[in-house]
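J.: Have a look at this one before I ask anything.
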Amino acid sequence: MSLHFELIEDKIEFFEAVDLKNLEKKINEKIEQNKAIMLHVHSVSHQMQLTENGQPFYSAVVHFKLKR
């Protein structure tokens, strides 16, 4: 049995929350986790939508890349 390890070079993660504070918390937690596997934030895209009852709903996409 042999093990073969490969570095993850790109990773895209999606986040959702009902307020910006929780969205930021989720993203920051994931940033810390991904630092352990040498991935750093390459770009962030976010948007806000209103739900049917008028409440805001936030989402974000974070692109992590291997830092060389």
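The values are calculated or read from the model by the stated rules, or taken from the named source; none is laboratory data. Since this is a predicted model, take the numbers as computed values, not measurements. With ideal geometry, Cβ positions are generated from the backbone for all residues, glycine too; neighbour counts draw on all protein chains shown. Surface areas here come from the heavy atoms of the whole protein model, side chains and all, with no ligands, DNA or RNA. Shrake-Rupley method; radii C 1.70, N 1.55, O 1.52, S 1.80 Å.
J.: Can you give me the relative contact order of the chain as a percent, contacts being Cα pairs under 8 Å and 6 or more apart?
T.: Relative contact order here is 43 percent.
J.: While we're here: Taking R0 as 25 Å, what's the FRET efficiency between Glu52 and Leu20 from their Cβ-Cβ distance, rounded to 0.05?
T.: Between Glu52 and Leu20 the formula returns 0.80.
J.: Expressed in nm to one decimal, what extension gain is obtained for the pair Ala36 and Ser59 from 0.36 nm per residue of sequence separation less their Cα-Cα distance?
T.: 5.9 nm
J.: Moving to a separate point now. Can you count the Lys pairs in the chain whose Cα atoms are under 13 Å apart, with each pair 8 or more apart or on different chains?
T.: Within the chain, the lysine pair count is 6.
J.: Stretched out fully, how many nm does the piece from Leu3 to Ser45 gain, at 0.36 nm a residue minus the Cα gap?
T.: Extra length from Leu3 to Ser45 when fully extended: 11.5 nm.
J.: Still on this structure, I have one more. Given the options Ala36, Ile12, Asn22, identify the residue whose Cα lies farthest towards the positive end of the charge dipole of the chain (+1 on Cβ of Lys, Arg; -1 on Cβ of Asp, Glu).
T.: Going by the charge dipole, the pick is Ala36.
J.: Counting heavy atoms of the protein chains only and a 1.4 Å probe, report the per residue accessible area for the chain as a whole number of Å².
T.: Accessible area per residue, the chain: 85 Å².
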